[in-house]
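Everything on this sheet refers to the single structure shown next.
The values are calculated or read from the model by the stated rules, or taken from the named source; none is laboratory data. This is a predicted model, so every value here is computed, not measured. Ideal geometry is used to build each Cβ from the backbone, glycine not excepted, and the neighbour counts take in all protein chains shown.
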Amino acid sequence: MKAKHQLAAAAVLLVLALILPAVIDNYWLRVMTTVFMIAIVAQGLNVIVGFAGYHAFGNAAFFGVGAYIAGVSLNAQVPLALAIVLATGGSAVVAGIFGWPLLRLRGHYFAIASVALNMAFVEVILNLGGVTGGAMGLPLPISPMPPDLLYRMIYYMMLGALTVATLVVWHLSGSRLGYALRALRDSESGAEVMGVDTVKAKILAWMISAAMTGCAGGIWAYWLTFIEVGSAFDIGISMRAYIMMLLGGMGTIIGPVVGAFVFEIVATLVWSEFTHIHNLLLGMFLIAVVILVPNGIIHLISRASARLSAARELRRAKA
Amino acid sequence: MSVQPILSVRDVTVRFGGVVAVKNASFDLMPGEVLGLIGPNGAGKTTLLNVVSALIRPQEGSLAFEGETITGLKPHVIARKGVARTFQVVQPFKNLTVMQNVEVGAMFCARDRGKSQIRALAVDALQKVGLTAKADALPSQLTLSERKRLEMARALSTEPRLLLLDEVMAGLNHTEIDRIIGLIREINRDGLSIIVVEHVMKAIMAVCDRIVVLRFGEKIADGTPEEVTNDPHVISAYLGERFVRRQAASAGAA
């Protein structure tokens, strides 16, 4: 799909998402908020994995970093908006600091290092104690807002963050940095000898990726009002986002969003209808995805539309 | 008169563990010159190109480009200074179109260039190598000959003053080789200095002003094509007696 078409589709989805809270109950409001949250993480992965080809399996590290920065800030009476900005920016800074040495590693070594980073952060928080709460977990201030209003606000915060993340990816796809990343994904030496500062491009990509992930983590912390390392640095977050990115189409603009939506909705429906065998069904769903749409839904749509227009051309030629 | 060399390689030694890939190699390239780098497999030709484009850092020795020391600089810095190269095993950006592949060089090798200027440079480079009709194709849809020419277009889009060509003719047929020979002459006429690593002797003899011969990482000859091909060391190390007989036969026929 062309960037233009993807953007148009995104605009339609955004309008639907804006009016959705008026028509759905609190259960589906929570499901959709989760969809947006994990879609942000998937967009974050899209930048470093889809564009740069660096498999940051441990990107959940920044979800946790964002959550803890937001948590500690909120406990220190920092206003919510600023706390989220700190979570976003702080995660980017952390990615910059660790990316500087780690992104000199190529390919798989980086993937392993990113997982190690996630594990290391868990240990740091556990042993730090103090303001992070350590192994006890960290309770956050509870909002005085009425729950209905609060959950709607969080829904819109997640939606806003997802919109910004998608716009960033859209801008990236046509930018110099986007070109640099796609070039180095296919041939790092090839990109270097054509003048691309690959290390700088990779670090920038990881910082953008971390900012998105950290932002989602920050809002999540505020939503949950209690965080602990097990759930904040859960590698399952990166894994789920990874599957969604693949399902939607990595390196595309709205693929990760579509993937997150399809995956989470299917998972939720399966979960509620077949509580005993939901894991089995999810597994079968995943296998089907890998076999039937290995390049993702967005690529599938572009292929189908290319075929349709080719068929139309043919019919016109015959007539 | 003394013209400054565009590239000077001084006492370069590269070791991979215990293996010495290049040993004390020194040579100069004069502006506008086409230099052939030949030698048996494993002689260190590609390693030497990798040293010039900074993909490998030599343990010893120094390099200067246009009089400025470039030893220890990063590959992208060298590229931006005006040294471009192709790879023996072509390395296209397989998810970018042919046009986008070429645009990368134009985009990153000169700052503050507008979109239209980048496009113009890419169009120009594609036209030079005869790939204009394939601009919107993906590299996977190209033939080997076209992929080799895409490598050259990508290098040319960086607006280099020194071009390193690593076996751009390997695996091509005679017509395709002649086409590349014509292309090398043409870009050399535009003022580019060129280093050609090649096994196709016909091409080396056709385009090179001077030839450097490597064996086991050491330079064993450096001279005009005639001097080098008559050098008994070079004949025994690389060319072989058959080459000499064939040269003599074709000289006799002419």
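Can you pull out the helices (runs of 4 or more DSSP H) entirely within segment A:191-276 that have at least 2 residues that are charged (D, E, K, R) and either within 11 Å of the chain's Cα centre (by Cα) or more than 25 Å from A:Y27 (Cα to Cα) (or both)? Steps first, answer last, please.
On the way: elements: A:198-224, A:229-232, A:235-248, A:255-273.
The qualifying helices (runs of 4 or more DSSP H) are A:198-224.
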- Checking B:M152 against (1) assigned by TED's automatic domain parsing to the domain that holds B:L35; (2) touching a strand residue (DSSP E or B) at 6+ places or on another chain (Cβ under 8 Å), the condition it does not meet: (1)
- Query: Since A:V290 meets every condition but one in (1) β-branched (V, I, T); (2) part of a helix (DSSP H, G or I); (3) closer than 25 Å to A:L167 by Cβ, which condition does it not meet?
  - Reply: (3)
- Query: Can A:Y68 be described as touching a strand residue (DSSP E or B) at 6+ places or on another chain (Cβ under 9 Å) and over 18 Å from A:L162 (Cα atoms)?
  - Reply: yes
- Query: Considering only residues of segment B:211-226 that are out of contact with any helix residue (DSSP H, G or I) (no Cβ under 7 Å at 6 or more places or on another chain), touching a residue at least 12 places away in the same chain (Cβ under 8 Å) and under 20 Å from B:V34 (Cβ atoms), which is surrounded by the fewest Cβ atoms within 10 Å (Cβ to Cβ)?
  - Reply: B:T224
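With the requirement that a residue be aromatic (F, W, Y) and either surrounded by fewer than 22 Cβ atoms within 10 Å (Cβ to Cβ) or in contact with a Cys (Cβ under 9 Å, 6 or more places away or on another chain) (or both), what does segment A:156-180 give you?
Step one: list which residues in segment A:156-180 are aromatic (F, W, Y), which gives A:156, A:170, A:179.
Across segment A:156-180, the qualifying residues are A:Y156, A:W170.
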- Item | Candidates B:S250, B:S236, filtered to the one that is within 30 Å of B:R15 (Cβ to Cβ), without any contact (Cβ under 8 Å) to a residue 12 or more places away in the chain and either part of a helix (DSSP H, G or I) or not hydrophobic (A, V, I, L, M, F, W, C) (or both) | B:S236
- Message: Against the definition (in contact with a Phe, Trp or Tyr (Cβ under 9 Å, 6 or more places away or on another chain) and either hydroxyl-bearing (S, T, Y) or in contact (Cβ under 8 Å) with a residue 60 or more places away in the chain (or both)), how does A:G248 come out, yes or no?
- Response: yes
- Do you know which residues across segment B:124-155 are buried (at least 18 other Cβ atoms within 10 Å of the Cβ) and without any contact (Cβ under 8 Å) to a residue 24 or more places away in the chain? B:E146
- Where B:F93 falls short, out of the listed (1) away from every other protein chain (no Cβ under 12 Å); (2) crowded, with 22+ Cβ neighbours inside 10 Å; (3) part of a loop (DSSP other than H, G, I, E, B): (1)
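Per-residue answers, yes or no, for (1) in a loop (DSSP other than H, G, I, E, B); (2) surrounded by fewer than 24 Cβ atoms within 10 Å (Cβ to Cβ); (3) outside the structural domain of B:N41 (by TED's automatic domain parsing):
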| position | (1), (2), (3) |
| --- | --- |
| B:V102 | no, no, yes |
| B:A106 | no, no, yes |
| B:L165 | no, no, no |
| B:L172 | yes, yes, no |
| B:R185 | no, yes, no |
| B:G191 | yes, yes, no |
| B:I195 | no, no, no |
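For the condition closer than 24 Å to B:V20 by Cβ, out of contact with any Ser or Thr (no Cβ under 9 Å at 6 or more places or on another chain) and either without any contact (Cβ under 8 Å) to a residue 40 or more places away in the chain or within 14 Å of chain A (Cβ to nearest Cβ) (or both), what is the one hit in B:L73, B:L55? Reasoning before the result, please.
Numbers: B:L55 fails: out of contact with any Ser or Thr (no Cβ under 9 Å at 6 or more places or on another chain).
The unique qualifying residue is B:L73.
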